[in-house]
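Please read the structure below before turning to the comments.
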Amino acid sequence: MADDVLILIDQQKAKEHPKWGPRNNPDAEGNIARLLAAWRNRGRPIIHVRHDSTYPDSPFRPGQDGNDFSPLTAPQQGEAVIAKRVTSAFIGTDLDARLLAMGKPPLVICGWLLANSVEATVRVGANLGYKIRLPADACWSCDKRDLTGRLWPAEDVHQLTLALLNGDYATVTTTDAILAVF
């Protein structure tokens with residue numbers, strides 16, 4: 001556990017934009033902050049991933065407030081920040097090279113949006129051979145309409161995404177379980 005790298009996905013102000021609709025897990029940011037504090041207290045490696053969208057109408061586009069980190073989980077001086085332009089933090093970035101330089105450590109990945117950037121990063125990371133733990137209560141989902149027009153509540157999207165990732169791609173766990181063995 002001591003060698004795990006904490007990776008925070010898209011902890012930016014844009015996640016609060018109303019365009020995303022209803023969400024679940026209102027305690028997610030608090031749990032992310034708890035993980036971050038534990039990593040900082042022990043001097044363990046932390047990587048903040050910032051989404052720099054290339055879409056003109058995206059709240060994550062650079063040059064606007066939504067691109068800024070959320071104060072609760074913002075990087076401190078000396079903590080690594082990686083900018084991504086697509087959903088996975090491994091694509092078009094030096095994340096894999098940084099992790100390989102650290103000896104390919106296990107990862108704890110958390111953040112927003114579970115069924116988007118968190119999922120994409122977990123899947124690619126697992127395919128690259130990383131051991132990943134995913135605290136279910138340190139990420140969240142939003143309502144999503146499927147191609148038939150059915151609206152899936154955020155909690156259903158969350159639970160299905162966790163089920164799809166658990167086992168083959170990550171070990172789904174909780175913040176408390178991670179902190180208990182830290």
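Every read-out reported here was derived from the displayed coordinates using simple, explicitly stated rules and does not represent laboratory data. Bear in mind that the values here come from a model prediction, so they are computed numbers and not experimental data. Using ideal geometry, Cβ is built from the backbone for each residue, glycine included, and neighbour counts are taken over all protein chains shown.
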Notebook entry, point to check: Taking R0 as 35 Å, what's the FRET efficiency between Asn41 and Val86 from their Cβ-Cβ distance, rounded to 0.05?
Noted result: 0.60
Check: Which whole-number percentage describes the relative contact order of the chain, with Cα contacts under 8 Å and a sequence gap of 6 or more?
Finding: 27
Next item on the list: State the number of lysine pairs found in the chain whose Cα atoms come within less than 26 Å, restricting to pairs 8 or more positions apart or on distinct chains.
Entry: 10
Note to self: I need two numbers for the chain: Rg to one decimal and Dmax as a whole number, Cα atoms only, in Å.
What the structure shows: 15.4, 48
Checklist line | Euclidean distance of C-alpha centroids, the range 66-102 and the range 142-182, integer Å | finding: 22
Notebook entry, point to check: Top mean-square fluctuation among Pro45, Pro22, Pro106, Gaussian network model of the chain, C-alpha springs under 10 Å?
Noted result: Pro22
Next item on the list: Using R₀ = 41 Å, calculate the FRET efficiency as 1/(1 + (r/R₀)^6) where r is the Cβ-Cβ separation of Thr174 and Asp57; round to 0.05.
Entry: 0.70
Note to self: Can I get the semi-axes of the range 63-107's equivalent ellipsoid? Compute them from the C-alpha gyration tensor as square roots of 5 times the eigenvalues, in angstrom, largest first.
What the structure shows: 22, 15, 8
Next item on the list: Provide the FRET efficiency to the nearest 0.05 for the Val181-Ala74 pair, computing r from the beta carbons and using R0 = 45 Å.
Entry: 0.95
